[in-house]
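First the structure, in the form of structure tokens, and then the observations on it.
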Amino acid sequence: MTDPADLGVLEAAASLTEGALSSRELVEACLARIRERDGVHSHEGDPSSVNAWVRVYETDAREAAARADERLARGDAPTLCGIPIGLKDLYAVAGKPLTASSSILDEVPDRDCDAWARLSDEGMVLLGHLHTHEFAAGGTTDQVGNPWALDRSAGGSSGGSAAALASRMVPAATGTDTAGSLRIPSAMCGTSTIKPTRGVVSIRGIVPLSPTLDNAGPMARSVADCEPLLAALAGVLPPRSRRPLRRIAVSPRIGDLDPDVADGFDAALEKLAAERVAPSPPVAALDLGDDFLDVACLEMLVYHRRFDDRRELYRPSILGFLEHAERRAMNGEDYFAAQSRRTELTHLWVDWLVEHQIDAIVEPTLPIVARPRGHGYDEAFTDFAEISLTHYWNWVGFPVVALPSGVGRRSGLPVSVSLIGAPGADWALLAAGAALQDELGTVTP
């Protein structure tokens with residue numbers, strides 16, 4: 001038998017159900033893998049370490065595994081019972097520290113966030129909290145090393161989650177996504193995710209970045225493994241039948257691509273079994289102007305006012321975002337107008353998809369491969385390349401599945417493709433993404 005730590009969610013679930021593996025054995029394998037591969041656990045990071053984990057809860061994990069094994073023995077356990085998971089260090093867990101990978105926040109919540117409460121009810125086993133770019137406000141998570149090359153960015157802000165998955169320290173993880181923070185690290189580390197339709201997963205109890213843009217979602221090594229995780233997070237049963245992708249459109253938003261990204265994108269398009277159409281985009285200009293940044297920074301500022309007396313503890317980039325919001329001084333009328341334009345743009349995209357009978361838009365997840373690690377906290381607004389394609393879909397609230405489209409022959413780093421659909425298309429996109437991944441294969445560092 002393979003090392004249990006190498007099993008994906010569905011593989012591990014089958015072994016647990018069949019009695020070929022216990023949750024205790026699976027958890028011990030994952031804890032051993034963390035000790036073997038994560039390196040130094042630190043706030044600042046270490047050049048020789050992956051450093052995906054902020055805190056590991058070994059004793060609690062063993063106790064939870066024992067409870068899961070009892071539940072499995074009764075024969076009525078849910079699919080995810082006994083499966084280990086890591087939570088991004090924004091997800092509140094009652095009685096456990098919550099720090100957002102920052103020197104400022106040091107809380108011990110007295111209740112679980114809704115997302116963890118649902119996963120916990122399913123019998124999942126919490127291994128610990130995973131690093132985020134400080135307060136989720138960036139696309140690099142520089143304290144975390146990319147398992148493909150430690151001198152490269154793991155992406156952000158859910159960088160610890162993607163790095164832990166790619167290193168095979170845990171089969172499942174959670175993240176958040178405000179401008180691409182589920183998809184960017186998944187693309188850079190060669191893992192899979194879905195940014196759900198806005199509102200499908202509750203964000204109550206999760207440290208916010210920009211509440212009207214924030215999304216919570218699952219991360220795993222395959223799209224198929226993301227499906228039961230999303231179902232648990234959303235508290236729903238996936239539909240038994242899904243409409244296949246019959247018509248797809250290549251995104252009208254693609255600009256210059258790294259050659260490795262372009263190769264991976266071409267490979268994905270070749271494998272997609274659907275008619276490709278190319279209608280004109282729904283609006284003459286696809287640039288959001290200042291609206292996205294203004295709304296995101298203002299909402300961030302509102303939350304962070306509580307830390308005004310400790311601003312010297314922020315990393316420079318986070319402080320830069322807050323100071324930018326203060327300089328912009330967006331008033332209520334400006335904010336309302338931006339949100340109104342957002343609503344109208346969302347309707348335009350939905351109408352366009354319906355008019356042309358498009359089931360999914362296909363787009364590279366990122367235009368670049370993972371950049372050198374180490375400068376994402378130096379100043380604000382250094383990650384425009386990372387969010388350049390992803391942030392748009394947060395603005396309109398569309399679901400997006402991201403999966404590896406290969407490994408670049410020049411860089412030796414993973415590249416990724418995204419499938420984007422109208423609100424509510426989450427399950428169809430997951431099915432299509434899983435089918436595409438069957439054709440493209442998974443990637444491993």
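The values are calculated or read from the model by the stated rules, or taken from the named source; none is laboratory data. Computed from a prediction, not measured in an experiment: that's the story for all the values here. Positions of Cβ are backbone-derived with ideal geometry, glycine not excepted, and every protein chain shown enters the neighbour counts. Only protein heavy atoms, including side chains, enter the accessible area calculation; ligands, DNA and RNA are left aside. Shrake-Rupley method; radii C 1.70, N 1.55, O 1.52, S 1.80 Å.
Things to note:
- Mean Cα-pair separation over length for segment 151-265, i.e. relative contact order, pairs under 8 Å, 6 or more apart, %: 23 percent
- Gap separating the Cα centres of segment 19-60 and segment 145-202, nearest whole Å: 16 Å
- Taking the DSSP beta bridges with both ends in the chain, the antiparallel portion is around 70 percent.
- Packing, taken as the mean count of other beta carbons within 10 Å per residue, orders the peptides 397-410, 52-65, 33-46 from highest to lowest as 397-410, 52-65, 33-46.
- Residues with amide H under 5 Å from that of SER222, placed H, sequence gap 5 or more: SER192
- Here segment 382-426 and segment 269-327 have alpha carbon centers that stand 15 Å from each other.
- Of all accessible heavy-atom area on the chain, the percent that carbon and sulfur account for (1.4 Å): 50 percent
- Annotation: per residue accessible area for the chain equals 38 Å², rounded to a whole number [probe 1.4 Å, protein chains only].
- Surface accessible to a 1.4 Å probe, ASP294 within the full protein complex, Å²: 20 Å²
- Per-peptide average of other Cβ atoms within 10 Å, ordering 188-198, 8-18 highest first: 188-198, 8-18
- Order by protection proxy (mean Cβ within 10 Å, highest first), peptides 19-31, 205-217: 205-217, 19-31
- In summary, the lysines within cross-link reach of LYS96, defined as a Cα separation below 30 angstrom excluding same-chain residues under 8 places away, comprise LYS88, LYS195.
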